[in-house]
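What follows is one structure encoded as structure tokens, with my remarks underneath.
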Amino acid sequence: MRVLLVEDDSDLANGIARALRAENFAVDVAANGEDGGHLGATEAYDAAVLDLGLPKRDGISILTEWRASGRALPVLILTARDAWSDKVQGFKAGADDYLVKPFRVEELVMRLRALVRRAAGHAASIIQCGPVSFDAQTGQFEHDGLPLKLTAFEWRVLSCLILRKEIVVDRMDLLERVYEQDADVDSNSLEVIIGRLRRKIGPELIETVRGRGYRLTGESACD
């Protein structure tokens with residue numbers, strides 16, 4: 001999962017980014033509204049965390065433009081503005097959630113996971129596909145009922161696949177949601193990650209669709 005964080009307080013932004021990366025998220029950080037608006041309009045993200053009071057451009061105008069252009073990524077507003085009128089303005093502009101500073105990072109992580117899960121069309125927090133299950137609220141994977149140990153890159157790939165189980169996920173889409181903006185990506189890195197996942201969960205569960213991408217499928221049908 002890849003998240004855009006638009007926050008001008010560098011200490012806060014660095015702290016949030018560290019916390020999200022510790023939970024296996026890929027994170028791109030923008031320190032002003034101009035950069036944040038551009039990234040959100042042009043890059044692939046599973047969710048965005050957006051401050052309102054930003055240099056160069058305010059959060060409401062960014063969000064309004066994203067929605068007007070058809071950008072449907074889930075957006076959580078993170079701001080010190082706690083007045084009811086500010087919340088109404090945020091939701092009218094197209095926000096999916098609203099969290100007031102100060103806050104607990106754990107709550108931010110849980111809210112982001114819920115937004116990504118619902119955006120993928122899953123009402124329940126537990127997503128099952130064959131022997132693999134994913135608790136989208138805690139971020140934990142299990143295989144045949146046992147915890148699955150994954151690297152951050154493996155977690156990102158498998159979470160993207162299970163949120164779209166039985167659907168072919170484009171190779172480029174996977175790459176965009178695994179790596180941060182300035183990452184140095186090797187040409188066969190995704191294939192290496194897929195190979196490691198197949199060894200951990202079974203080669204038959206991840207199907208290669210030639211010329212398109214990959215699909216996570218149960219041994220029979222996904223539940």
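Among the residues making up segment 1-19, those that are under 18 Å from the mean Cα position of the chain (by Cα) and outside any loop (DSSP other than H, G, I, E, B) are R2, V3, L4, L5, V6, A13, N14, G15, I16, A17, R18, A19. Residues in segment 133-160 that are touching a helix residue (DSSP H, G or I) at 6+ places or on another chain (Cβ under 8 Å), within 22 Å of A47 (Cβ to Cβ) and surrounded by 15 or more Cβ atoms within 10 Å (Cβ to Cβ): 11 in all.
Within segment 85-102, residues that are of a type in the set (V, I, T) sit with their Cβ atoms under 8 Å from residues that are surrounded by 15 or more Cβ atoms within 10 Å (Cβ to Cβ), at 6+ positions apart or across chains, in these pairs: V100/T79; V100/R81. Whenever a residue of segment 1-30 is aromatic (F, W, Y), its partners that are in a loop (DSSP other than H, G, I, E, B), lying with C-beta atoms within less than 6 angstrom and at least six residues away or across chains, give the pairs F25/M1.
Hey, among R196, R171, which residue is crowded, with 17+ Cβ neighbours inside 10 Å, more than 24 Å from A114 (Cα to Cα) and not aromatic (F, W, Y)?
On the way: R196 fails: crowded, with 17+ Cβ neighbours inside 10 Å.
Criteria check complete, one pass: R171.
Within the span defined as segment 133-147, one or more residues are over 16 Å from L76 (Cβ atoms) and β-branched (V, I, T).
Only the coordinates and a few stated rules stand behind these numbers; no lab work does. Not measured: the values here are computed from a predicted model. Cβ coordinates were reconstructed from backbone atoms using ideal geometry, including for glycine residues, and neighbour counts include every protein chain displayed.
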